[in-house]
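Everything below concerns the one structure shown next.
Each value in this text was obtained by applying a stated rule to the coordinates, not by laboratory testing. Just so we're clear, the structure is a prediction, and the values are computed from it rather than from any experiment. Note that we place each Cβ from the backbone using ideal geometry, even for glycine, and neighbour counts take in every protein chain shown.
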Amino acid sequence: MAITVFGDVILSSSVLAAGVKGKNLRLNARVPTDNGYESINIIWTQTLRQYTLGLVPLCLEQWQAIETLHEITEGGAYGLLLQDPKDSTVSDGVMTLVSAGVYQLHKRYLHAASARFKTRKITRPQAAGFVPTVASMPLAPTSYTLDVTTGRIAIPSAPAVGTLAWSGPFYVPVHFIDDVIDWDLVMSGPAEQRLVAGPSVVLQEIRE
C-alpha cells in the first residue's frame, strides 16, 4: 500500500539550515565473474534520496519541530514534504503526455558535453513560482490547472508535448524510515540554552 503524504506538512527550513547530511540511493545487482569482469543489472531505474537530520546540536525549538513531525506522521506511517537544500528548483523542465491535455512534470539532468540525460518525475511542485510555457511563451494562469499532489498539469488546449516546458520550485515527499528517533541532551541549563542532538533522524524519499 502506498504511503499517504500530508501535503500541508512541510519540514521547517530552520531545521535544514542547522545542518543535514544526505545520500542518493540506487540499487544495482553486481555479479563478479571468474575472470575479473563484472556484470551489473539495474534494479532501481530512479534514485531515492535520503536526508539525515540532527547531526549538529539543535536548539529546543528546532528539535521540537522534528518531534512534532514524527508525532503527526505516526512515526513515519505517513509522509511529509521537504525542500532539498541542494536541489529544489527546475529552470528548464520537461513534460510527458499522460492523457489528452494532461501532462506529467519532469526535471532533466543533462550532461552537456555528451548530451546524455536522465529525467526525474516531479510529483510535488510548488504553485508559487510555477511557470509553464508553450513554445517558450508563458501560459496564463487561467489556461491550465496544476495538481500539486501529483505533479500533473491539465491544459485544455492540449498543445504538442514537444512544445512544453516549465520552471519553478518543488518539494520532495519523504517519511521517517524508523519508528524510533534517539536524542541526546548535549547542553543542559535554561531552556533557551539547551541543545539536543539526534543523529538517527533519517528521512527517505517516497516514490510516487
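Under a straight-distance cross-link criterion of Cα-Cα below 16 Å, which lysines are reachable from residue 121, leaving out those fewer than 8 residues away in the same chain?
In chain and number order, the partners are 107.
Cut-off 10 angstrom, C-alpha nodes, Gaussian network model of the chain. Which of 142, 68, 150 fluctuates the most?
142
In what sequence do 95, 137 fall when counting other Cβ within 10 Å, fewest first?
Values: 95 23, 137 9.
In increasing order of surrounding Cβ atoms, one gets 137, 95.
Expressed as a whole number of Å, what is the distance separating the alpha-carbon centroids of the stretch 76-106 and the stretch 143-167?
12
Which one is right for this structure if semi-axes √(5λ) of the Cα gyration tensor in Å is calculated from it: (i) 65, 25, 18; (ii) 35, 25, 15; (iii) 25, 23, 15?
(ii)
Do any trypsin sites (Lys or Arg not before Pro) in the stretch 60-130 lie in a loop, going by DSSP, with at most 16 other beta-carbon atoms within 10 Å of their beta carbon, and if so which?
Details: sites: 86, 107, 108, 116, 118, 120, 121; in loops: 86.
Those satisfying the criteria are 86.
Return one number: the angle in degrees, 0 to 90 and rounded to the nearest 10, between the long axis of the Cα atoms of helix 60-72 and the longest principal axis of the Cα atoms of the chain.
Between the helix axis and the principal axis of the chain, the angle is about 60 degrees.
Counting other Cβ atoms within 10 Å, which chymotrypsin sites (Phe, Trp or Tyr not before Pro) in the stretch 27-105 have at most 12 and lie in a DSSP loop?
On the way: sites: 37, 44, 51, 63, 78, 103; in loops: 37, 44, 78.
Hits after loop and neighbour filter: 37, 44.
Place a +1 charge on the Cβ of each Lys and Arg in the stretch 77-206 and a -1 charge on the Cβ of each Asp and Glu, then give the dipole magnitude about the Cα centre in debye, rounded to the nearest 20.
Details: 10 positive and 10 negative charges, 144 e Å.
Dipole size: approximately 700 debye.
Under 14 Å Cα-Cα from residue 118, which aspartates and glutamates qualify once same-chain neighbours fewer than 8 residues away are excluded?
Of all the aspartates and glutamates, those that pass the test against residue 118 - Cα under 14 Å, at least 8 places apart if same chain - are 92.
Rounded to whole Hz and in sequence order, give me ³J(HN,Hα) for the stretch 185-200 from the Karplus expression 6.51 cos²θ - 1.76 cosθ + 1.60, θ = phi - 60°, writing x for Gly and Pro.
7, 8, 9, 8, x, x, 3, 6, 9, 6, 10, 10, 10, x, x, 9
Rule-of-thumb check for the stretch 89-169: C-alpha Rg over 2.2 N^0.38 Å?
Values: Rg = 12.1 Å, N = 81, 2.2 N^0.38 = 11.7 Å.
Against the empirical 2.2 N^0.38 Å value, I get 1.04 for the stretch 89-169.
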